[in-house]
Amino acid sequence: MSAISIDIDSIISSLGGLVVAVVIIFFVLSSAIKIVPEYKRIVLFRLGRLVGSRGPGIVFIAPFIDKAVSVDLRILTLDVPVQEVITKDNVAIKVNAVVYFRVLEPSKSVVEVENYVIATSQLAQTTLRSVVGSVELDEVLSSREKINQELQKIIDDRTDPWGIKVSAVEVKELELPEGMKRAMARQAEAERERRAKIISAEGELQAASKLSEAARAMEVSPVTLQLRYLQTIREISGERNTTTFFPIPVDLIQPFLKNLMNTQEK
């Protein structure tokens, strides 16, 4: 009986050791094998030295020797918080923007900068204040696309050493002071009145030109004046109008006018 119990105890102890070994091997393999998706890369450091980026697919890592840093390659959207800016013509405005960027070189994004997302955010804020503050308010309102392109170029150039590509920068909202809004409304109203007066003056000029042409045509052919007179009478007369107009030639009453004037002189 003692021999049998000794054998059972040895079997149990050997099985326990085998289970422990299997568990240790499982944890070692789980930490040594990484499955990297298509939209990510792993930057590998071996004993503190950069080895390079790995992935996608299965990546083997030496436990306790290698250190892996995961980097997302998808396009990231970064909201630039509202910035208070004074434009070139001394107008205080509030403006915010959105930045679209992605990592092109994972190794640089880990080695060259501590946190590329925070660094890009801070750079976008300072660049937004600098670019908007260097132009006048009218240019900010009318040349939004130009400002977006300038912001994109500056941020892209400065983040290029970090392995980051800025694809687009868009200014989202522009908040003006209430006094400036009222002043711009008055300016727009005055501009509309000016255009209305110019259009009215141009109409008067064209009408005067046409009347001059009509007067010259009537001077050549006097009968046109009589026809125009008859047409005017027709336009004045209506269906329910009780007044009747009779055209009288001026030549017909001229003798009577002469006799009247001679009589008054005598």
- Item | Whole-number percent relative contact order across the range 84-209, with pairs defined as alpha carbons under 8 Å at least 6 apart | 36 percent
- Task: At 1.4 Å probe size, with no ligands or nucleic acids counted, give the accessible surface of T224 in Å², nearest ten.
- Result: 50 Å²
- Message: With +1 assigned to the C-beta of every Lys and Arg and -1 to the C-beta of every Asp and Glu, and no other charges, what is the dipole magnitude of the range 34-170 about the Cα centre in debye, to the nearest 20?
- Response: 820 debye
- Task: Please calculate how many Å² of accessible area the range 18-154 carries per residue, with a 1.4 Å probe and no DNA, RNA or ligand atoms counted.
- Result: 60 Å²
- Query: Tally Lys/Arg at +1 and Asp/Glu at -1 over every other residue whose Cβ is under 14 Å from the Cβ of G57; what's the total?
  - Reply: +3
- Item | Cβ crowding within 10 Å averaged over residues, with 80-86, 176-182, 38-44 ranked highest first | 38-44, 80-86, 176-182
- Around A97, which amide H atoms from residues at least 5 apart in sequence, or from another chain, sit under 5 Å from its own amide H, with H modelled in the peptide plane? V80, K172
- Taking amide H positions as placed in the peptide plane 1.01 Å from N, state which residues far from A168 in sequence (5 or more) or on other chains have amide H under 5 Å from it. Y100
- Item | FRET efficiency for I118 and K210, using Cβ-Cβ distance with R0 set to 51 Å, rounded to 0.05 | 0.10
- Taking amide H positions as placed 1.01 Å from N in the peptide plane, with prolines and chain starts having none, which residues 5 or more places from K88, or on another chain, fall under 5 Å of its amide H? V135, E136, L137
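The values are calculated or read from the model by the stated rules, or taken from the named source; none is laboratory data. Keep in mind that what you see is a predicted model, and the values were worked out from it rather than measured. When we count neighbours, we look across all protein chains shown, and the Cβ atoms used for this are built from the backbone with ideal geometry, even at glycine. Heavy atoms of the whole protein, side chains included, go into the accessibility calculation; ligands, DNA and RNA do not. Shrake-Rupley method; radii C 1.70, N 1.55, O 1.52, S 1.80 Å.
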